[in-house]
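See below for the structure under consideration.
What follows draws every value from the coordinates through simple rules; no lab data is involved. Given the structure is predicted, the values throughout are model-derived calculations rather than measurements. Here the Cβ is made from the backbone with ideal geometry for all residues, glycine too, and neighbour counts use every protein chain on show.
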Amino acid sequence: MANIGAYNERIRAFDWSIAEKELDYSDGNIINIGWYCSDRICLQGKRDRVALFWEGFGGNEKQFTFNDIRVASNTIGAFLRNLGIKEEDRVCLFMERIPELYLSFLGVLKIGAIVQPLFSAFGDESLHVRLENAQTRAIITQRKHLSKVKKIVDLLPSLEHIIIVDYDDRKPLQKNEVAFSLEDAEPMDQFEIFPTKSESPSVLHYTSGTTGQPKGVKHVHYSLISQYLTTKWVLDLQEDDIYWCTADPGWVTGTSYGIIGPWSMGITQAVLNTGFSAEAWYRFIEKYNISVWYSAPTAIRSLMKAGNELVKRFDLSTLRHLASVGEPLNAEAVLWSEKVFNKPFLDSYWQTETGSIMITNFPGMKVKPGSMGKVFPGITGTVVDPKTFEPFTEPGKVGLIAFKPGWPAMMRTYWNNDEMFRKKFKKGWYLPGDRASLDSDGYFWFIGRDDDVINTGGHLVSPFEVESALLEHEAVSESAVVAKPDDVNMEVVKAFVTLKPGFEPNNELELKIMNFIRKKLSPLAMPQEIEYMDTLPKTRSGKIMRRILHAKEWGEEIGDTSTLEEDE
Amino acid sequence: MEEIKDVVLSYVIEEYLEEDDEEIAYDTPLISGGIVDSFSMVSLKRFLENKYSISIPDDRATPEAFDSVNKIVTLIREFTG
């Protein structure tokens, strides 16, 4: 029997107090996610249950019980507190998926500070703008990512502490650097956890928009209520499950459902910190008896590419429930998983700003392959007319996805940018920026973004950020960046550039520019293709018209070009 | 062929290794070892195509085929004849 029971019954009789009661929380109480994910589980008698099976490069393995993660997070919290980190200070986690990342996440929350997780593949410029915006006081990182921090530390007066979790004495510590070794630190069995309340800030994830710099999405400790219940009802985690969320905690899925959800339920999870290969993933599922698997369409399509024969070489019979997030899951992928795993991947839809799953296919519900599913109980969601922002009264019309604000994990604002936050609301609806239709059975069908943001492999990339970085390359005079269709990643970044005098448009320069962006921003932001242009299409006022280039890539009608200055 | 091995190894070291990464050899796992991610693989593929004047079809540019310098050399040989 699935945790959710009967969906329609849940819709009829829903209240978020269901989660509050299960978590023994009442309005006004202390609520600290770090405590809920470790101390509370130990108090429930599960201190010796494995919280984390971890495997890294070269077959390196570790495991931690719930008591281990309780003590380790206390220890990290105490270390930070001794450095002078206090409540609401921002502490960036800039690490690969090593145990210290997961344990630091809880440790930072336990002292009431705000966790700012950043994807470890970010280049120095991506790191710089996010740390500067958040006025981050400390960053916890690894030796291999230290060079990127060093490049920008002098530009960041707020960054007082650079904490290295695997320091090895080979190089002397530099300005603001301090070593911390979890293995050598004195374990803190007893620790005074900061008494955060429901609206105390917890996590600051950065997300990309069409224009301007990335925005810091501010979440609070009360988000736990949504994250706990959606984990229980959508991911259907049960006592004996071994759960694998393949997302990196540099992104919101990796924290909401790769840390908070499973651990607040006291569920064992497994983490694989190696690069992708289909064989390695199947071997991991077999080795750790994974029963619930939360992954992404890009990964699923990569597994499809690796072929069905490979699947047969592994015993994957422990898999009980599969779910997917990040971008729309195409019908072919759903049908493929039914064929090879004997169960479908169930798609779910949400975003950094929503903090928890909003629309999904529930266990036991009829799946319409290619559909996003239905709203989570307690969520009022619909599709509104993009001009009037009124909900459509007829099914099947394409408009904007819209939610009534008020669920516990809803972002509270964008960091230092209330104005941008307010712009996300129209006529009382929160608009995530995606287009869809709603059928007569209440299923949502994804159409695409309503802006120029590129969704590549489930990660949002701002065309503005890439265009700005391109202009810093010595050869580039002008740039325009759009999404290009891609079989595996749904979309990839494509750049159009004009060159400065003296530079030749050739393959060698294209590769140089690609690598320039990869190192400066991230591999995700690297254009997978660069097209040289003599001029870029512009409006009469001189604004580059991305939509012309986008339409060209997608084989769409170009539309009104009456304001166009120059066409190709 | 020794030369191709060294060219590819040098390029990987120059472009993809972080400052404090361990040294790598011809058979070090690149993709599954987290040195080159799936997005960066595109730039590595582009380098090989430019350098050896070949075209590697997308269905052959798999994480497995790019997972070490040795495997990449095998792939290049196939397309250079």
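Principal-axis analysis of the Cα atoms of chain B puts helix B:2-16 at an angle of about 50° to the longest axis. Here, the stretch A:454-566 has an Rg and a Dmax of 13.7, 39 Å when only alpha carbons are counted.
Kirkwood radius, the stretch A:238-314, all distinct C-alpha pairs, inverse of mean reciprocal distance: 13.1 Å. Over the C-alpha atoms of the stretch A:242-286, the Rg to Rh ratio, Rh being the Kirkwood estimate, stands at 0.99. Averaging the Cα positions of each part gives two centres, and for the stretch A:46-86 and the stretch A:429-485 these lie 36 Å apart. Each of B:Ile13, A:Ala402, A:Pro463 was scored by the projection of its Cα onto the charge dipole of the protein assembly as shown, and the greatest displacement toward the positive side belongs to A:Ala402; charges sit on the C-beta of Lys, Arg, Asp and Glu. Using the Cβ-Cβ distance between B:Ala25 and A:Arg12 with R0 set to 56 Å, the FRET efficiency works out to roughly 0.35. Here the stretch A:7-436 is treated as a sphere whose radius is the Kirkwood value from Cα pairs; by Stokes-Einstein at 20 °C and 1.002 mPa s it diffuses with a coefficient of 96 µm²/s.
Computed extension length for A:Asn416-A:Glu132: 101.1 nm, one decimal, from 0.36 nm per residue of separation with the Cα-Cα distance subtracted.
When the inverse distances between all different Cα atoms of the stretch A:319-432 are averaged and flipped, the Kirkwood radius reads 15.5 angstrom.
Of A:Tyr349, A:Tyr36, A:Tyr7, how do they rank once you tally other Cβ atoms within 10 Å and put the fewest first?
Exposure proxy ranking, most exposed first: A:Tyr7, A:Tyr36, A:Tyr349.
Straight-distance candidates among the lysines for linking to B:Lys5, with alpha-carbon spacing under 23 Å and chain neighbours fewer than 8 residues away dropped: A:Lys512, B:Lys45, B:Lys51, B:Lys71.
Per-residue shielding of B:57-64, expressed as the average number of other chain Cβ atoms within 10 Å of the residue Cβ, stands at 3.
Exposure proxy shown here: for A:Asp236, A:Asp24, the number of other Cβ atoms within 10 Å sets the order, fewest to most, as A:Asp24, A:Asp236.
Straightening the chain between B:Tyr52 and B:Asn70 buys 4.9 nm, computed as 0.36 nm per residue apart minus the Cα-Cα spacing.
A simple charge model with +1 on the Cβ of Lys and Arg, -1 on the Cβ of Asp and Glu and nothing else charged puts the dipole of the protein assembly as shown at about 1680 debye relative to its Cα centre.
Between A:Lys404 and A:Phe425, residue separation times 0.36 nm minus the direct Cα-Cα distance comes to 6.6 nm.
Arrange the peptides A:39-47, A:9-17 so that the one whose residues have, on average, the most other Cβ atoms within 10 Å appears first.
Most protected by this proxy first, the peptides run A:39-47, A:9-17.
Distance from the alpha carbon centroid of the stretch A:156-185 to that of the stretch A:356-408 works out to 46 angstrom. Rg over Rh for the stretch A:155-207 works out to 1.07, both radii taken from alpha-carbon positions and Rh defined as the Kirkwood radius. Give me the log10 of I(q) over I(0) for chain B at q = 0.22 Å⁻¹, as the Debye formula computes it from C-alpha points; what are the numbers? Listed by q, the Debye log ratios stand at -1.03. The mean sequence separation of alpha-carbon pairs under 8 Å and at least six residues apart, normalised by the residue count of chain A, gives a relative contact order of 12 percent. According to the calculation over all Cα-Cα pairs in the stretch A:181-289, the P(r) per 10 Å bin from zero is 12, 31, 37, 18, 3 %.
Ordering A:Cys245, A:Leu101, A:Phe79 by Cα displacement along the dipole of chain A toward the positive end leaves A:Phe79 in first place; charges were set at the Cβ atoms of Lys, Arg (+1) and Asp, Glu (-1).
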